[in-house]
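One structure below.
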Amino acid sequence: ILLTEDGIVNQKVAVMMLEARGYNVAIANNGLEAVERVNRERFDLVLMDVQMPEMDGLEATRVIRSRENETDSHTPIIAMTAHVMKGDRERCLDAGMDGYLAKPIRAETLYNMIENLVADEVVDETITQTTAPDLARVGSGHGVKREQRQNEVLPQGPEEPHVEQLFNWDTALEQLDGDEKTLKDIAEMFMMQYPKLVQAIRGSIENDDMSELRRNAHTLKGSAAVFS
C-alpha cells in the first residue's frame, strides 16, 4: 500500500494501523511523489491525503488515472481528509478516487474500506488463492484490475466526530490498539510539529497566501484530530 500523507503524525498513525493488519507500507510525502512512485512501482492500493504541498491529492489522482487510461489498469485510491464539507466527497469521486475517509482515521473503518475495495477487484488468473494482506504487497506483481462499473457509489467514511474536549487520551489510545508507548511518541511528534505549523499559518496570513494557509491548517487539523 502506498500511503500519501505529508503530516508526520498522521503518517505514524496510519503506518501502525496498516502494519498491524499485515500490510506492507511505502510512504510518499506529497502528490508529486505519489505519481512518481506509482509510475515506477506496482501498488495494490493508494491512500491519498487531499491537501498536500507540491501537488494535492485530487490532482495526483487525475494524473494517475490519465496514465492508467493508456494501460487499461486501475489502482484503487482512497481519499483521506480532515475536511468534511458538502461537496468534498463529490470532488473526490470526480477526480477518480474509489473511497473517502474522514480524519481521524478509525482502524476498523480503514480496514473495512480497504478490504471491500480489494474484494471488488478482479484477481489475475494466475492467482489461485490469496488473502487481503497478500494483495497489499508492495511491488508484488500480482495485479488487480477493477471491474468497469457505471454509476459507482463511493464507500463513505464516517461523519466528522463532534469534539467535546480538546484532548481525549482514551479515544486516542483506542485508535492505536492500546499502545501507550506509541501514543506518547506520536504526542511528542505533534508537539514538535505544532509550532512549525502555527508559524507557517501565520506566515501564510501575512503573505496573503490562501493556498498555503489552507494546506497548513488542514495538516494541523488532521494531526490534532488524532487526540480528539
- Task: Within the range 210-225, which residues have the backbone N less than 20 Å from the label spot 7 Å out from M191 along Cα→beta-carbon, could you tell me?
- Result: 220-225
- Task: Report the Stokes-Einstein translational diffusion coefficient (µm² s⁻¹, integer) for the range 12-68, Rh taken as the Kirkwood radius over Cα pairs, at 10 °C with viscosity 1.306 mPa s.
- Result: 133 µm²/s
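Just the number: Rg to Rh for the range 1-118, Cα atoms, Kirkwood Rh, two decimals.
Values: Rg = 12.9 Å, Rh = 14.0 Å.
Rg divided by Rh gives 0.92.
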- P(r), alpha carbons of the range 169-227 - 5 Å bins starting at zero, rounded %: 4, 20, 24, 18, 13, 10, 7, 4, 1
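Which order do the peptides 66-76, 88-98 come out in when sorted by mean C-beta neighbours inside 10 angstrom, highest first? Each step should come with its number before you reach the end.
Details: 66-76: 13.3, 88-98: 18.2.
For the peptides 66-76, 88-98, the packing ranking is 88-98, 66-76.
Where does each of 7-17, 33-43, 196-206 land if you order them by average Cβ count within 10 Å, highest first? Spell out each step's value before the answer.
Working: 7-17: 21.6, 33-43: 17.0, 196-206: 13.9.
Answer by packing, highest mean first, reads 7-17, 33-43, 196-206.
No lab work stands behind these numbers, since they all come straight from the coordinates. All values derive from a computational prediction rather than experimental measurement. As a convention, Cβ positions derive from the backbone with ideal geometry for all residues, glycine included, and neighbour counts pool all protein chains shown.
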